[in-house]
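Colleague: Dumping the structure here so I can ask a few things about it.
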Amino acid sequence: MGDAHGPEFEVLFMKKSKSDFTVDPNGAISNYFKTQFTEGVTSGGEPKYLTGCEFEPSYWFGRHEIQGVKPLFPKDASDSIFLGIKSRFSDKSVFELWLEEQHHRDMEYKFRLDKVDIEIAKVSQQRRVYGDKNTFEVIVPSSVFSVGVDSKLHDQMTYNGQHNQQLRLSAEDLMIEDFVRSTSSSMADNTTLLLTGQVITVAAIDLAGKRRFLSESNRTESAFDFNWATNKQESIYIAILADEINADAYSKMSLDTDSVQMQMQLSDTGPIFHTKMHNFGRVETNEKTEYKQDREGSLTSTNTYHLELSETISNGDDDSSKSEFVQQALQHINENLSDYAGNLKGGKSKAIYVMKFELDYIAPTGQKIVGLRPFGKAEEFSTHLFVSTLRQAGLAKHYDVPSSKLLVPAVNDLASENNPWSGDTDVGSADDPSAAQYWNTLTKEERIEHLKEWLTKHSHSRGAPSLELKQLD
């Protein structure tokens, strides 16, 4: 039922004899060779060859790579079985109705090779209706498709990137909406974000000894008290508030829900940072409806909110600056409710997750420097600082981020020996001795050129310019 295009695979066709195939289900390959070559195959003659391939599909389900065919959701489910109409008159989505009515067991799966369709899983299903209850009898060819269609639990061998392990799976375990809607077999594309629903993201940048919150407006705030060369600790804090945690899906996929690796890019051409996002606790919105009477006697209603932390979760992180940031983030929302009211309606409490990106880098001198590295055209122009993307590491989807920016001044004299990223360096104390050794061989003019390439060609990196890449250039 339905027409869903699944993952695409690349296969290599080559000359193969019958013995080149590692498996021969039901003797089908041997029989095919017999029909093509009536002599010499079984009588000890010279081997006969055909052009063919041997291919075993697989897909990623969270941390697990599973051998088999990925279950899919039909594109036309809303129309072909009237689920769109039913959804309008219920409180359930099309996907929830599709799953509730067991239509995932109606799916037929085929491989398409060029213009040839190869049937790999066809479900024969009989339905007997008694009153308002449906009884299903499902018959699935056990030799063609095990996980994803039938109702039995299977000991499925999976690979988690390090070793093989047995995983107990049934069809329903795989029925996660974002997963079956994805046409990809990769974890990056078919894994949903941990935090969904009504989501609020609050970000602040510690710069020049001052914490500056980014807002939901498109305004730009000047930060001309910032100096790229200060060599002082600077950080970016981000909190995500969400009324839904995909805990059940993540549990099935063997993914952690309390500590998640995150990736953030600063500005479109800036460096990329990684850190852990931790479950900090829960926040109450304290929604209230206030009524006011206008001059004409009509009543108007307004929803008000006051966010406050109602529960904290200990995760072994003793960084008190995160607790301070959480309180300031809630205060920031309370003081700018018009920016966030759309994601507060309904009065649900929200989970709050927090992360801290410490800004540091290894300079072309090979020395590790605390603070924000210059990048892009910072040598020539003032630079806009903003959170460009925020995502869970390894996933394609990303979280919405505040849209405002900070404007910082240009670098003053890029190659000055007073800058932490330039000047002679001690190879023995360097974090990257190869970079330090190379730096000390450069003339002043060569150092200037090396620094300019660092700003433009290696702007996303927090490491020293790669000497291998330099040699390739």
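The values are calculated or read from the model by the stated rules, or taken from the named source; none is laboratory data. Every value quoted in this text rests on a predicted model; they were computed, and no experiment measured them. Quick reminder, even Gly has a Cβ in these numbers, built from the backbone with ideal geometry, and neighbours come from all protein chains shown. Note: areas computed on protein heavy atoms with side chains; ligands, DNA, RNA excluded. Shrake-Rupley method; radii C 1.70, N 1.55, O 1.52, S 1.80 Å.
Colleague: Can you tell me how many residues in segment 285-302 are modelled with pLDDT of 90 or more and open to solvent by less than 70 Å² (accessible area, probe 1.4 Å)?
Modeller: The initial filter retains those residues of segment 285-302 that are modelled with pLDDT of 90 or more, namely 285-288.
Next cut, open to solvent by less than 70 Å² (accessible area, probe 1.4 Å) only: 285-287.
Matching residues across segment 285-302 total 3.
Colleague: Hey, can you tell me all the residues within segment 167-193 that are outside any helix (DSSP H, G or I), of a type in the set (S, T, N, Q), in contact with a helix residue (DSSP H, G or I) (Cβ under 6 Å, 6 or more places away or on another chain) and farther than 9 Å from L72 by Cα? Spell out how you get there, then give the answer.
Modeller: So the first thing to find is which residues in segment 167-193 are outside any helix (DSSP H, G or I), and the list is 167-171, 175-176, 182-186, 191-193.
Still in the running and of a type in the set (S, T, N, Q): 170, 182-186, 191-192.
Filter again for in contact with a helix residue (DSSP H, G or I) (Cβ under 6 Å, 6 or more places away or on another chain), leaving 182, 184, 192.
If the condition is that a residue be outside any helix (DSSP H, G or I), of a type in the set (S, T, N, Q), in contact with a helix residue (DSSP H, G or I) (Cβ under 6 Å, 6 or more places away or on another chain) and farther than 9 Å from L72 by Cα, then S184, T192 are the ones that fit.
Colleague: Of all residues in segment 250-259, count the ones that are open to solvent by 10 Å² or more (accessible area, probe 1.4 Å) and touching a residue at least 24 places away in the same chain (Cβ under 8 Å). Quick ask: steps written out before the conclusion?
Modeller: Keep residues of segment 250-259 that are open to solvent by 10 Å² or more (accessible area, probe 1.4 Å), which gives 251-252, 254-259.
Checking the rest, the ones that are also touching a residue at least 24 places away in the same chain (Cβ under 8 Å) come to 252, 254-255, 257-259.
Matching residues across segment 250-259 total 6.
Colleague: From the residues in segment 332-371 that are in a strand (DSSP E or B) and charged (D, E, K, R), which one is surrounded by the fewest Cβ atoms within 10 Å (Cβ to Cβ)? Give the steps one after another, and end with the answer.
Modeller: Here is the first cut: in segment 332-371, the residues in a strand (DSSP E or B) are 350-362, 368-370.
With charged (D, E, K, R) added as a condition, the list becomes 350, 356, 358, 360, 368.
On the way: K350: 25, K356: 18, E358: 13, D360: 17, K368: 17.
Filtering first and then ranking leaves E358.
Let's see how each residue does on (1) modelled with pLDDT of 85 or more; (2) at negative phi; (3) among the hydrophobic types (A, V, I, L, M, F, W, C):
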residue: A77; (1), (2), (3): no, yes, yes
residue: G84; (1), (2), (3): no, yes, no
residue: K92; (1), (2), (3): yes, yes, no
residue: H104; (1), (2), (3): no, yes, no
residue: E108; (1), (2), (3): no, yes, no
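Colleague: Conditions: (1) surrounded by 21 or more Cβ atoms within 10 Å (Cβ to Cβ); (2) more than 28 Å from W454 (Cβ to Cβ); (3) within 17 Å of the chain's Cα centre (by Cα); (4) not polar (S, T, N, Q). I238 meets all but one. Number of the miss?
Modeller: Tallying (1) surrounded by 21 or more Cβ atoms within 10 Å (Cβ to Cβ); (2) more than 28 Å from W454 (Cβ to Cβ); (3) within 17 Å of the chain's Cα centre (by Cα); (4) not polar (S, T, N, Q), I238 fails exactly one: (2).
Colleague: Which count do you get for residues in segment 300-326 that are of a type outside the set (G, A, S) and in a loop (DSSP other than H, G, I, E, B)? Write out each step before concluding.
Modeller: Restricting attention to segment 300-326, the residues satisfying the condition of being of a type outside the set (G, A, S) are 300, 302-309, 311-313, 315, 317-319, 322, 324-326.
Those left that are additionally in a loop (DSSP other than H, G, I, E, B): 305-307, 313, 315, 317-319.
Matching residues across segment 300-326 total 8.
Colleague: Then there's this: Determine which single condition A239 fails, assuming it passes every other condition in (1) under 30 Å from E177 (Cα atoms); (2) touching a Pro at 6+ places or on another chain (Cβ under 8 Å).
Modeller: (2)
Colleague: So, one more: Can you name the number of the only condition in (1) on the phi > 0 side of the Ramachandran plot; (2) over 25 Å from the mean Cα position of the chain (by Cα); (3) at pLDDT 85 or above that G197 fails?
Modeller: Of the numbered conditions (1) on the phi > 0 side of the Ramachandran plot; (2) over 25 Å from the mean Cα position of the chain (by Cα); (3) at pLDDT 85 or above, the odd one out for G197 is (2).
Colleague: From the list G270, G281, exactly one residue is modelled with pLDDT of 95 or more, under 30 Å from A396 (Cβ atoms) and assigned to a loop (DSSP other than H, G, I, E, B). Which is it? Break it down stepwise before answering.
Modeller: On the way: G281 fails: assigned to a loop (DSSP other than H, G, I, E, B).
On inspection, the qualifying residue turns out to be G270.
Colleague: Let me ask another. Taking A329 as the residue in question, decide whether it is open to solvent by less than 10 Å² (accessible area, probe 1.4 Å), part of a loop (DSSP other than H, G, I, E, B) and aliphatic (A, V, I, L, M).
Modeller: Numbers: open to solvent by less than 10 Å² (accessible area, probe 1.4 Å): yes; part of a loop (DSSP other than H, G, I, E, B): no; aliphatic (A, V, I, L, M): yes.
Judged against the criteria, A329 is not a match.
Colleague: Could you list, in sequence order, the residues of segment 261-283 that are open to solvent by 10 Å² or more (accessible area, probe 1.4 Å) and of a type in the set (A, V, I, L, M)?
Modeller: To start, the set of residues in segment 261-283 that are open to solvent by 10 Å² or more (accessible area, probe 1.4 Å) comprises 261, 263, 265, 268-269, 272, 274-276, 278-280, 282.
Residue satisfying the conditions is I272 alone.
Colleague: Quick one: in segment 61-107, of everything that is touching a residue at least 40 places away in the same chain (Cβ under 8 Å) and open to solvent by 70 Å² or more (accessible area, probe 1.4 Å), which residue is nearest to M14 (Cα to Cα)?
Modeller: So the residue we want is Q67.
Colleague: Right, something else. Pick from segment 1-38 the residues that are among the β-branched types (V, I, T) and under 40 Å from the mean Cα position of the chain (by Cα): which of them is surrounded by the most Cβ atoms within 10 Å (Cβ to Cβ)? Give the steps one after another, and end with the answer.
Modeller: Going through segment 1-38, the residues among the β-branched types (V, I, T) turn out to be 11, 22-23, 29, 35, 38.
This time we only want the ones that are under 40 Å from the mean Cα position of the chain (by Cα), so: 11, 22-23.
On the way: V11: 11, T22: 7, V23: 7.
Among those residues, the one meeting the criterion is V11.
Colleague: If you don't mind, there's one more thing I want to ask. How many residues does segment 305-317 hold that are under 19 Å from I238 (Cβ atoms) and within 27 Å of the chain's Cα centre (by Cα)? Spell out how you get there, then give the answer.
Modeller: First, the residues of segment 305-317 that are under 19 Å from I238 (Cβ atoms): 307, 309, 312-313, 315, 317.
Checking the rest, the ones that are also within 27 Å of the chain's Cα centre (by Cα) come to 312-313, 315, 317.
Within segment 305-317, residues that are under 19 Å from I238 (Cβ atoms) and within 27 Å of the chain's Cα centre (by Cα) number 4.
Colleague: Among the residues of segment 442-463, write down those that are aliphatic (A, V, I, L, M) and either farther than 14 Å from E379 by Cα or within 32 Å of the chain's Cα centre (by Cα) (or both). Write out each step before concluding.
Modeller: Start the filter on segment 442-463 by keeping residues that are aliphatic (A, V, I, L, M), which leaves 442, 448, 451, 455.
L442, L455 - these are the residues of segment 442-463 that are aliphatic (A, V, I, L, M) and either farther than 14 Å from E379 by Cα or within 32 Å of the chain's Cα centre (by Cα) (or both).
Colleague: Another question, if that's okay. Is segment 398-421 home to any residue that is at pLDDT 95 or above, farther than 22 Å from L372 by Cβ and either surrounded by fewer than 14 Cβ atoms within 10 Å (Cβ to Cβ) or over 30 Å from the mean Cα position of the chain (by Cα) (or both)?
Modeller: yes
Colleague: Hey, another quick one. Residues S184, S254, S222: which one is of a type in the set (S, T, N, Q) and either within 25 Å of K92 (Cβ to Cβ) or over 17 Å from the mean Cα position of the chain (by Cα) (or both)?
Modeller: Details: S184 fails: either within 25 Å of K92 (Cβ to Cβ) or over 17 Å from the mean Cα position of the chain (by Cα) (or both); S254 fails: either within 25 Å of K92 (Cβ to Cβ) or over 17 Å from the mean Cα position of the chain (by Cα) (or both).
Only one candidate passes the filter, namely S222.
Here is a yes/no grid of residues against (1) within 25 Å of E379 (Cβ to Cβ); (2) assigned to a loop (DSSP other than H, G, I, E, B); (3) open to solvent by less than 10 Å² (accessible area, probe 1.4 Å):
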position: F213; (1), (2), (3): no, no, no
position: E216; (1), (2), (3): no, yes, no
position: A229; (1), (2), (3): yes, yes, no
position: E244; (1), (2), (3): no, no, no
position: D248; (1), (2), (3): no, no, no
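Colleague: Any residue at all in segment 430-441 that is without any contact (Cβ under 8 Å) to a residue 24 or more places away in the chain and surrounded by fewer than 21 Cβ atoms within 10 Å (Cβ to Cβ)?
Modeller: We begin by selecting, within segment 430-441, every residue without any contact (Cβ under 8 Å) to a residue 24 or more places away in the chain; these are 440-441.
When the remaining residues are screened for being surrounded by fewer than 21 Cβ atoms within 10 Å (Cβ to Cβ), the result is 440-441.
The answer is yes; a qualifying residue exists.
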